[in-house]
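The values are calculated or read from the model by the stated rules, or taken from the named source; none is laboratory data. Predicted model, so just to flag it, every value in this text is computed and none were measured. Quick reminder, even Gly has a Cβ in these numbers, built from the backbone with ideal geometry, and neighbours come from all protein chains shown. Ligands, DNA and RNA are stripped out before the accessible areas are found, and what is left, the full protein with its side chains, is counted by its heavy atoms. Shrake-Rupley method; radii C 1.70, N 1.55, O 1.52, S 1.80 Å.
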Amino acid sequence: MQRLARGWQRAGVRVGFVPTMGYLHAGHLSLVRRARRIAGREGRVVVSIYVNPTQFGPTEDLSRYPRDLARDSSLCREAGVDVLFVPDDKQMYPCGEGAGFSTYVVEEELAGRMEGESRPTHFRGVTTVVAKLLNMVLPDTAVFGAKDWQQAAIVQRMVRDLNFPVRIEVAATWRESDGLAMSSRNKYLTGDLRRQALVLWHSIQAVRAQVSRSQKPLPAARLKARVKALVALEPEARLDYVEFFEPKTLVPMARVGRGAHMALAVYIGTTRLIDNARL
Ligand code: PAF
């Protein structure tokens, strides 16, 4: 991959990159279209598919994470992707006595909050694998989805702090017609769980309406209690966290007004879903 990328670099070919863990959906394909717009017709669009083990905790869904490479390949072909890069674990994390993998990239300010509190090793895995992928694909621009808002902020910080010569673009969240944010993990939502999963979007909408009706910023604690109550109405739903914060710095806000950002994580049965939006 790197050899190919260096050839493009020498030839002055622009490269747009979309890193994914596969099981592609319409949201991923919107990132591909964005990468194509940026790279142009003469440029190259690279999509990577790699279910990165270092960003999963020991009790998380690594082994059952949905995979369908044949379907992903044809979706990429139809979408005009130039290179589908699918490294394997041995290539990404070589192991063996004296030759193992032992270097990680850790962002230390933004990564401890929200997702980081619930999944303490998650962002270390994300920043490490994204750094590796950027070094392999050598893109001019990499496109990330806004659904993983905190991830995008952390990647932007890493790129800035470590002087990666790449521009990070963040593309809007894609939603199903009823508002559920698209996610490969939605595949786990069988039967009534699919309906119950709407509580994430409905909570965002309820808070957004409350904030926009109010003349002055509202206490975050009151809004959190409202979300907790909404989630409790669904039999299989359990709130992991809800937070209100400044969208760029992720600094939590005690009082919440228009323009604040809201993020939440909710278990629906055993599936953990996240969502976020500007209020
Ligand atoms: O958002 C994802 O799919 C993953 O976290 C990423 C960025 C591909 C890193 O494994």
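Between ALA35, ALA237, ALA254, find the one with the highest GNM mean-square fluctuation for the chain; connect C-alpha pairs within less than 10 Å. Looking only at ALA35, ALA237, ALA254, the largest GNM fluctuation is found for ALA254.
Rounded to the nearest 20, the Cβ-based charge dipole of segment 89-184 about its Cα centre (Lys and Arg +1, Asp and Glu -1) stands at 120 debye. So how tilted is helix 2-11 from the main axis of the chain? Cα-based, degrees 0 to 90, rounded to 10. Tilt relative to the chain: about 80 degrees.
Roughly what angle does helix 149-161 make with the longest principal axis of the chain, taking Cα atoms, 0 to 90 degrees, to the nearest 10? Here the helix axis deviates by roughly 50 degrees. Its relative contact order, with pairs defined as Cα atoms under 8 Å and 6+ residues apart, puts segment 1-118 at 25 percent. Just to confirm the number: angle between the C-alpha axis of helix 122-137 and the first principal axis of the chain, 0 to 90 degrees, nearest 10? Taking Cα atoms only, the helix is inclined about 30 degrees.
In this Cβ point-charge picture (+1 for Lys and Arg, -1 for Asp and Glu), the chain has a dipole of about 920 debye about its Cα centre. Built from the Cα atoms of the chain, the convex hull projects on average onto 15.8 nm², one quarter of its surface area.
Computed over the chain with a Gaussian network model linking Cα atoms closer than 10 Å, the most mobile of ARG77, ARG64, ARG14 is ARG64.
Taking every Cα-Cα distance in segment 6-148 and sorting them into 10 Å bins starting at zero, the pair-distance distribution P(r) comes out as 11, 37, 37, 15, 1 percent. For GLU107, the shell of other residues with beta-carbons less than 9 Å away shows a net charge of -1, using +1 for Lys and Arg and -1 for Asp and Glu.
So for segment 90-153, considering every pair of alpha-carbon atoms, how many percent are separated by more than 16 Å?
Distances greater than 16 Å cover 54 percent of the Cα pairs.
Solvent exposure of segment 173-279, expressed per residue, is 49 Å² of accessible area, with all protein chains present and a 1.4 angstrom probe. Rolling a 1.4 angstrom probe over the chain with all protein chains present gives an accessible area of which 50% lies on carbon and sulfur atoms.
Between ASP178, ASP82, ASP140, the Gaussian network model of the chain with springs among Cα atoms under 10 angstrom shows the greatest mean-square fluctuation at ASP178. Volume of the convex hull of segment 108-205 (Cα atoms only), normalised per residue: 125 Å³. Applying a DSSP loop filter and a limit of 13 other Cβ atoms within 10 Å to the trypsin sites (Lys or Arg not before Pro) in segment 224-254 leaves LYS248.
Projecting the Cα atoms of MET182, ALA39, THR54 onto the charge dipole of the chain (Cβ charges, centred on the Cα centre) puts ALA39 farthest toward the positive pole. When DSSP beta bridges are restricted to pairs lying wholly in the chain, around 55% turn out antiparallel. Selection among LEU110, ALA229, MET253 by position relative to the dipole of the chain gives MET253 as farthest towards the positive end (Cβ unit charges, Cα centre). For the pair segment 56-118 / segment 209-256, the C-alpha centres are spaced 31 Å from each other. Secondary-structure-derived ellipticity at 222 nm for the chain, considering helices only, amounts to -11000 deg cm²/dmol, per-run term -39500 (n - 2.57) for DSSP H runs with n ≥ 4. Under 5 Å from the amide H of SER48 lie the amide H atoms of VAL18, THR20, PHE85, each residue being 5 or more positions distant or on a separate chain, with H modelled from the backbone and absent for Pro and chain starts. The chymotrypsin sites (Phe, Trp or Tyr not before Pro) of segment 75-164 that meet both conditions, a loop assignment by DSSP and at most 16 other Cβ atoms within 10 Å of the site Cβ, are PHE101, TYR104. Only the Cβ atoms of Lys and Arg (+1) and of Asp and Glu (-1) were treated as charged; on that basis the dipole of segment 16-137 about its Cα centre amounts to roughly 560 debye. Segment 1-55: D in µm²/s via Stokes-Einstein (Kirkwood Rh, Cα pairs, 25 °C, 0.890 mPa s)? For the chosen part, D equals 202 µm²/s.
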